[in-house]
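The values are calculated or read from the model by the stated rules, or taken from the named source; none is laboratory data. Remember, predicted model here, so these are calculated numbers, not experimental data. Here Cβ is always computed from backbone atoms with ideal geometry, including for glycine, and neighbour counts include all displayed protein chains.
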């Protein structure tokens, strides 16, 4: 089969070139039986834009003209490293390009990069492959329209864009802005997130193309640019003169400050004449990179080099930007800085973070261990491509996130561990224990007991292949029993299912508070006991002995319903596999889990303030309405305290989640449960049958058992069917993780080192500053 790639390979842009190298090489490596080519197409408009012209700005900088000419020649010479098609096409109409594609290729892959930004490309846009009837199978990989405001999406353009995507076999996009654009223009189209190809760039392949080794490359760079051998490198790319001057003043004794691609005039060395392959390796010989370029950020991390990301743009305030997204995935949000935060005048915070990263021993090892977080969802593309080619996807790397050491030992990754404690439960030598760290419970290994069997890595749910199976049926549902409905958080769906299981002699597991007000999983066998399980609990629960308790129930051959968050249900399924037909599973639409340590400390603080013991904490009290989201605290003297979310201090930490929640492995219908349940927010846009503010549940059935669960409760519920489009539109958490708050890591660092009171004081200060800024903005804007 013949595979063509259509992308920006001729741009005078390091990232655009290297993503093409990465993607073409990876496809060829996985499908060696097939031919892979880069379609040598570019628009006449783009070729014109890249002509080097002498302008007024160059009068004061005459060297810049010759530098640009040389750089263009270097990029054109670098095309020899790409598997280009035998024909070059330069045109704006796309007609010859489409004729060539239809005559030569069986599969065409569009991407990566901003190929769908039609404000830059206009219509017709060749990267939409709107080439009429054809047998060529169309794919996109990490395509993007980022940088184009939605105000440019006229009704005519929306229809054109939507029609163009209808016959794509697979649509992979790089950012959430493009996902929203695709869903707006083509609501019925399935969209997948795919990582930028440079995240899996094969650096050994780059060295092979250059015919060198890493040591030889470093020696060549130092010699070419006359860098003293006793100096180390700080790389800047797209920064400012003020920052470069500060870097030289602070670190000039030990480091040479270099600039790549664009110069400020203040750097020690300006490397304007690197070819793209050399550029991709440069980050690997630097101690740190400071950049506002996405690919500069990504390739620094690919080289295991620490990076500080700088954002000088205002676009995308409602979306997480590309650099911010990359650093959040690496749990490095504190290495991201915005110009709007006053950095142009005061670079102290950036310098402080630079020094911290330079002084951090083992930082490259930490980045290397977590770097696989950058390679996400690409397997869905390669699986789809394999199906189209009639081949097997030859995966190049095991999808393990909690990495297996060469000796088979346990290697914990805070980025992905979701706290199910299955590794501790399954360890045959009891070598894994649980400890508190930065607000959460995490596994810790005793190397004296560990025998390197590798079972912990094998059983970990995060290491299981990701699924993307859309739900089979979707319903809106409410319990007809008014009392049970008002005691539930939403529509009472879980309570109805629990009743059905108890009537059949079965049992149900869920989360209840223990005597110390800690949320733990437990098994109950009657509707009276189930009262402890009712209601949402916005804090991570302990799995405790739930695995063995469930096993004891299942051995009785009675029906058992296990409930929990998606990751907890994945762990339960990993523990039992397909051994028991009487096991039913239900997971919840999950925001992410808050810290049990913070909740425990908040409870203590509240008890001290009120002088009495708390016996129940209802996060969702519906006395004044389902949508009010009031909190009710019940004390041992039966007195009650009702608060709004704004009044409840605990909700200031609501988005301070476990690290893994910010890039949740179980979003996007990677469900292991039979049915998913949550609040049906936005139900009024589907039907007016539930418009009394008493609550309604959404149910998403993923299996035949899920359908069976719904059938068990239909008679006792008010129910109506819904659809996937409406469910996704009203429940972003089905597909997207929460963005990590800026101060999250600092809060937990203070919590761990100085305690809750100091962390609380820190957060209260940030909250007050936020409210002051918010009020000032309202006054200025007149809102």
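Here are a few things to note about the model shown:
- For residue 657, the conditions (1) touching a residue at least 24 places away in the same chain (Cβ under 8 Å); (2) touching a helix residue (DSSP H, G or I) at 6+ places or on another chain (Cβ under 7 Å) all hold with the exception of (2).
- Helices (runs of 4 or more DSSP H) wholly inside the range 510-626 that include at least 3 residues being under 30 Å from residue 745 (Cα atoms): 566-576, 596-610
- Condition met for residue 228 (touching a strand residue (DSSP E or B) at 6+ places or on another chain (Cβ under 9 Å), at negative phi and surrounded by 19 or more Cβ atoms within 10 Å (Cβ to Cβ)): no
- Checking each residue in the range 345-355 for being part of a helix (DSSP H, G or I) and either within 17 Å of residue 300 (Cα to Cα) or in contact with a helix residue (DSSP H, G or I) (Cβ under 9 Å, 6 or more places away or on another chain) (or both) picks out 348, 349, 350, 351, 353, 354, 355.
- In the range 257-272, the residue that is surrounded by the most Cβ atoms within 10 Å (Cβ to Cβ) out of those that are in contact with a helix residue (DSSP H, G or I) (Cβ under 8 Å, 6 or more places away or on another chain), assigned to a loop (DSSP other than H, G, I, E, B) and without any contact (Cβ under 8 Å) to a residue 60 or more places away in the chain is 267.
One line per residue, one yes/no per condition, for (1) surrounded by 17 or more Cβ atoms within 10 Å (Cβ to Cβ); (2) modelled with pLDDT of 85 or more; (3) part of a helix (DSSP H, G or I):
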residue	(1), (2), (3)
403	yes, no, no
419	yes, yes, no
436	no, no, no
443	yes, yes, no
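- Given (1) at pLDDT 90 or above; (2) in the same structural domain as residue 83 (by TED's automatic domain parsing); (3) in contact with a helix residue (DSSP H, G or I) (Cβ under 7 Å, 6 or more places away or on another chain), number of the condition residue 152 does not satisfy: (1)
- Leading residue by the ranking (modelled with the lowest pLDDT) among those in the range 356-367 that are part of a helix (DSSP H, G or I) and under 18 Å from residue 308 (Cβ atoms): 366
- Criterion violated by residue 189 - all others in (1) farther than 19 Å from residue 302 by Cα; (2) outside any loop (DSSP other than H, G, I, E, B); (3) touching a strand residue (DSSP E or B) at 6+ places or on another chain (Cβ under 9 Å) satisfied: (2)
- Residues of the range 117-126 include none that is at pLDDT 80 or above, more than 19 Å from residue 49 (Cβ to Cβ) and either in a helix (DSSP H, G or I) or assigned by TED's automatic domain parsing to the domain that holds residue 23 (or both).
- Picking from residues in the range 223-254 that are without any contact (Cβ under 8 Å) to a residue 24 or more places away in the chain and under 37 Å from the mean Cα position of the chain (by Cα), the one that is nearest to residue 299 (Cα to Cα) is 244.
- In the range 743-783, the qualifying residues are those that are outside any helix (DSSP H, G or I) and surrounded by fewer than 16 Cβ atoms within 10 Å (Cβ to Cβ), and the one that is modelled with the lowest pLDDT is 783.
- Residue match in the range 249-256 (condition: surrounded by 23 or more Cβ atoms within 10 Å (Cβ to Cβ) and either at pLDDT 95 or above or assigned by TED's automatic domain parsing to the domain that holds residue 81 (or both)): no
- Subset of the range 191-214 that is farther than 16 Å from residue 146 by Cβ and without any contact (Cβ under 8 Å) to a residue 60 or more places away in the chain - its residue that is surrounded by the most Cβ atoms within 10 Å (Cβ to Cβ): 212
- Looking only at the range 486-496, and only at residues there that are touching a strand residue (DSSP E or B) at 6+ places or on another chain (Cβ under 6 Å) and within 30 Å of residue 612 (Cα to Cα), the one that is surrounded by the most Cβ atoms within 10 Å (Cβ to Cβ): 490
- Lone qualifier among 480, 472, 499, 537 - being surrounded by 18 or more Cβ atoms within 10 Å (Cβ to Cβ) and farther than 22 Å from residue 631 by Cα: 499
- Test result for residue 195, in a strand (DSSP E or B) and in contact with a strand residue (DSSP E or B) (Cβ under 8 Å, 6 or more places away or on another chain): no
- Candidates 494, 523, 451, filtered to the one that is over 28 Å from the mean Cα position of the chain (by Cα) and in the same structural domain as residue 438 (by TED's automatic domain parsing): 451
- Among the candidates 275, 331, residue that is closer than 23 Å to residue 114 by Cα and in contact (Cβ under 8 Å) with a residue 60 or more places away in the chain: 275
Residue by residue, here is whether (1) within 20 Å of residue 728 (Cβ to Cβ); (2) crowded, with 21+ Cβ neighbours inside 10 Å; (3) touching a residue at least 40 places away in the same chain (Cβ under 8 Å) holds:
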residue	(1), (2), (3)
629	no, no, no
637	no, no, no
647	no, no, no
650	no, yes, yes
678	yes, yes, yes
681	yes, no, yes
687	yes, no, yes
697	yes, yes, yes
716	no, no, yes
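- Qualifying position, being under 29 Å from residue 322 (Cβ atoms), surrounded by 14 or more Cβ atoms within 10 Å (Cβ to Cβ) and either modelled with pLDDT under 80 or assigned by TED's automatic domain parsing to the domain that holds residue 13 (or both), among 34, 106, 113: 113
- Annotation: residue 670 fulfils all but one of (1) under 30 Å from residue 611 (Cα atoms); (2) part of a loop (DSSP other than H, G, I, E, B); (3) in contact (Cβ under 8 Å) with a residue 60 or more places away in the chain; the unmet one is (1).
- Pick from the range 684-699, criterion farther than 21 Å from residue 534 by Cβ and touching a helix residue (DSSP H, G or I) at 6+ places or on another chain (Cβ under 9 Å), ranking: modelled with the lowest pLDDT: 691
- Residues that are assigned to a loop (DSSP other than H, G, I, E, B) and either assigned by TED's automatic domain parsing to the domain that holds residue 622 or more than 18 Å from residue 485 (Cα to Cα) (or both) within the range 689-703 comprise 702, 703, listed in sequence order.
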